[in-house]
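Here's the structure we're looking at; comments come further down.
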Amino acid sequence: MAATELSALEFVVWVAAIVGLAGLPAVLSTFSLVQLTVFLIFCLLAISLDLAWGLAGLLSFGQAAFFGIGGYTYAICGINDLPTWCALAASIMAGAATASVIGYATFYGRVSAMFFAVMTLTVTLILLQVIGSTADPRHHIGAAALGGYNGMTNIPSLAVGLTEAPPLGPAGFFWVVGGLLVGILILGRMLMCSSFGRVLVTIRENEQRTELLGYDVRWRKLAIFSLSGGVAGLAGGLFASWGNFVNPEMFSLTQSVQVVIWVLVGGRGSLYGAALGALLVQAMTQYLGEFGTAYTTLALGVVLVVFVLILREGLLPTIGRGVGRLAWR
């Protein structure tokens, strides 16, 4: 359940996070810093789903679609010599616009939650097939060849500046990603504690009753889903800049399901849980990947079963409840 008021502890956590992110490049190796950067990008992707699912109850398998669209938008704009910060802004707008189209068709079409989830997954898989079939050199946008399953290479790294500026190094890019993550967490928590956020919580708990109280649930769901798509698009743009490469695997079923697992593991509804789940699952995936992909797939399956059947609220809410019980003894 989402907390509807900001606590003093949250402000302490925010300050600690800012200080920690500022100092980490001084103590981590370049490899560890680069690896942690992509983990933080995945935290943004997990938060994007939690904004829709945890706050308004909108289970979407389309976050991979917005993630991929954001990545490809950044790549296309960057390769066509648009300033990289403009390319990153375009990736946000592309993700938000795609979510808006899907959301308008489903929310104003009164599609049920089940069909909404199926529709978002269908759009993701369609995009996977469409982008995967663009290997022919004729499929290009300006100077950017889409490349099909070979992907797009030579994507420029993020550079901050109105004029030509050198690309950010590992530390600078880490600070940008970390700053965006903390900023979106803070803004997201403020949104959740606002009157708009409280209405979204009532929609999640009982949409029909919310409508009977006189609220138009459709535009509210459309607004939060569009915001969710924009954050996912931002994560996609940052990912393209981080790896200087994108391919259709960004739209894959595996990527779609992983985002849901991250939020399930951490606990939906607080944003912090989604970020924690992404960090823990990706760290486990990286560790087990050293022994083979079969171990990773098996571990993810076991984790999913455990959190669906036993720890249904996720890790962070379970820990919070345990600490609360100890405090009352």
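What percentages, rounded to whole numbers, describe P(r) for the chain computed over all alpha carbon pairs with 20 Å bin width beginning at zero? With 20 Å bins starting at 0, P(r) equals 31, 59, 10, 0. Just to confirm a number: summing +1 for Lys and Arg and -1 for Asp and Glu over residues other than Ala56 whose beta-carbon lies under 13 angstrom from that of Ala56, what do you get? Around Ala56, the surrounding residues sum to +3.
Please report Phe39, Phe115 as a ranked list, fewest other C-beta atoms within 10 angstrom at the top and most at the bottom.
Numbers: Phe39 17, Phe115 13.
Final ranking by Cβ density, sparse to dense: Phe115, Phe39.
If you build the convex hull over the alpha carbons only and average its shadow over all orientations, what do you get for the range 151-290? Give it in nm² to one decimal.
On the way: hull surface 44.3 nm².
Taking the Cα atoms of the range 151-290, their convex hull projects to 11.1 nm² on average.
The H on the amide N of Val246, modeled in the peptide plane, is under 5 Å from the matching H of Met152, each at least 5 residues off or on a different chain. Taking other Cβ atoms within 10 Å as a rough exposure proxy, Asp50, Asp136 sort from fewest to most as Asp136, Asp50. Among Met152, Met284, Met93, the largest mean-square fluctuation in a Gaussian network model of the chain, built with springs joining Cα atoms closer than 10 Å, belongs to Met284.
Quote the charge dipole size of the range 8-251 about the Cα centre in Debye, to the nearest 20; the model charges only the Cβ of Lys and Arg (+1) and of Asp and Glu (-1).
Numbers: 9 positive and 10 negative charges, 92 e Å.
The calculation lands at about 440 debye.
Out of all Cα-Cα pairs in the range 220-304, roughly what percent, to the nearest whole number, are more than 21 Å apart?
Working: 1345 of 3570 pairs.
Every Cα pair in the range 220-304 considered, those over 21 Å come to 38 percent.
Kyte-Doolittle cut-off -0.5, length cut-off 18 Å along the helix's own axis using Cα: show which whole DSSP H helices in the chain pass.
Working: long enough: 8-27 (29 Å, 2.09); 30-56 (39 Å, 1.96); 63-79 (24 Å, 1.09); 84-107 (33 Å, 1.33); 113-132 (29 Å, 2.19); 170-193 (34 Å, 1.89); 217-243 (39 Å, 0.79); 253-266 (20 Å, 1.66); 272-289 (25 Å, 0.94); 293-309 (24 Å, 2.28); 315-328 (20 Å, 0.61).
TM-like helix candidates: 8-27, 30-56, 63-79, 84-107, 113-132, 170-193, 217-243, 253-266, 272-289, 293-309, 315-328.
Can you work out D for the range 89-189 in µm² s⁻¹ from Stokes-Einstein, where Rh is the Kirkwood radius over C-alpha pairs, the temperature is 20 °C and the viscosity is 1.002 mPa s?
On the way: Rh = 17.2 Å.
Rounded to a whole number, D works out at 125 µm²/s.
Every number here is computed from the coordinates shown, using simple stated rules; none is lab data. Note that the structure is predicted; figures quoted are calculated from it, not measured. We place every Cβ from the backbone using ideal geometry, glycine too, and count neighbours over all the protein chains shown.
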